[in-house]
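Student: Quick one: structure below, then a few questions.
The values are calculated or read from the model by the stated rules, or taken from the named source; none is laboratory data. These numbers come from a predicted model, not from an experiment. Please note: Cβ atoms are built from the backbone with ideal geometry, for glycine as well, and neighbour counts cover all protein chains shown. Side chains are part of the model used for accessible areas, which takes the heavy atoms of the whole protein and leaves out ligands, DNA and RNA. Shrake-Rupley method; radii C 1.70, N 1.55, O 1.52, S 1.80 Å.
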Amino acid sequence: MELVILILNKTECLKKLLEALVDGGINGATILDSQGMAHNLYEYDELRFMGSLRMLLDPDHKQSYTILIVVEKDKIPVVSQIVNKVTGGLDKPDTGVMFSVPVNYIEGFGNK
């Protein structure tokens, strides 16, 4: 099993993404409201070193979603394909980041 972690900055895609995951056979996820450090620090004007980041960040974008999905390792390409299709590609700026980590122990997950 793997824990796929998606930090979704393109929040307007959430509903469509969840629907596409279900259609793709991924039937469970946990969604957390989150905020990136750079966006949080952006609000503090006394941090002058953040000036260069201001040009890269959308100041209106303050919220992200952290989506946690536990799947079999062979389902990671399915999740990746769905995420990239719905978001327009994680290679686009300020869309999101996705990675996975092994799950060595699990309780309370379906019939397992």
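Student: Just to verify a result, which residue in the range 73-91, among those that are loosely packed, with under 13 Cβ neighbours inside 10 Å and touching a residue at least 60 places away in the same chain (Cβ under 8 Å), is nearest to Gly28 (Cα to Cα)? Walk me through how you get there before you give the answer.
Tutor: Step one: filter the range 73-91 for residues loosely packed, with under 13 Cβ neighbours inside 10 Å, giving 73-74, 77, 81, 88-89, 91.
Still in the running and touching a residue at least 60 places away in the same chain (Cβ under 8 Å): 73, 88.
Working: Lys73: 15, Gly88: 22 Å.
Ranking the candidates gives Lys73 first.
Student: Go through the range 92-112 and report how many residues are part of a loop (DSSP other than H, G, I, E, B), among the aliphatic types (A, V, I, L, M) and either at pLDDT 95 or above or open to solvent by 60 Å² or more (accessible area, probe 1.4 Å) (or both).
Tutor: Taking the range 92-112 first, the residues part of a loop (DSSP other than H, G, I, E, B) are 92-95, 103-112.
Within this subset, residues satisfying the condition of being among the aliphatic types (A, V, I, L, M) are 103, 106.
Next cut, either at pLDDT 95 or above or open to solvent by 60 Å² or more (accessible area, probe 1.4 Å) (or both) only: 103.
Number of matching residues: 1.
Student: Within the bounds of the range 59-71, is there any residue that is open to solvent by less than 50 Å² (accessible area, probe 1.4 Å), touching a Phe, Trp or Tyr at 6+ places or on another chain (Cβ under 7 Å) and at pLDDT 95 or above?
Tutor: Within the range 59-71, one or more residues are open to solvent by less than 50 Å² (accessible area, probe 1.4 Å), touching a Phe, Trp or Tyr at 6+ places or on another chain (Cβ under 7 Å) and at pLDDT 95 or above.
Student: Okay, moving on. Could you list, in sequence order, the residues of the range 88-112 that are among the aliphatic types (A, V, I, L, M) and under 11 Å from the mean Cα position of the chain (by Cα)?
Tutor: Within the range 88-112, the subset among the aliphatic types (A, V, I, L, M) is 90, 97-98, 101, 103, 106.
Leu90, Val97, Met98 - these are the residues of the range 88-112 that are among the aliphatic types (A, V, I, L, M) and under 11 Å from the mean Cα position of the chain (by Cα).
Student: Residues in the range 23-36: is at least one among the hydroxyl-bearing types (Ser, Thr, Tyr), farther than 21 Å from Val103 by Cα and modelled with pLDDT of 90 or more? Explain how you work it out, then say what you get.
Tutor: Filtering the range 23-36 for residues among the hydroxyl-bearing types (Ser, Thr, Tyr) gives 30, 34.
Imposing the further condition that a residue be farther than 21 Å from Val103 by Cα reduces the set to 34.
Subset that is modelled with pLDDT of 90 or more: 34.
Yes.
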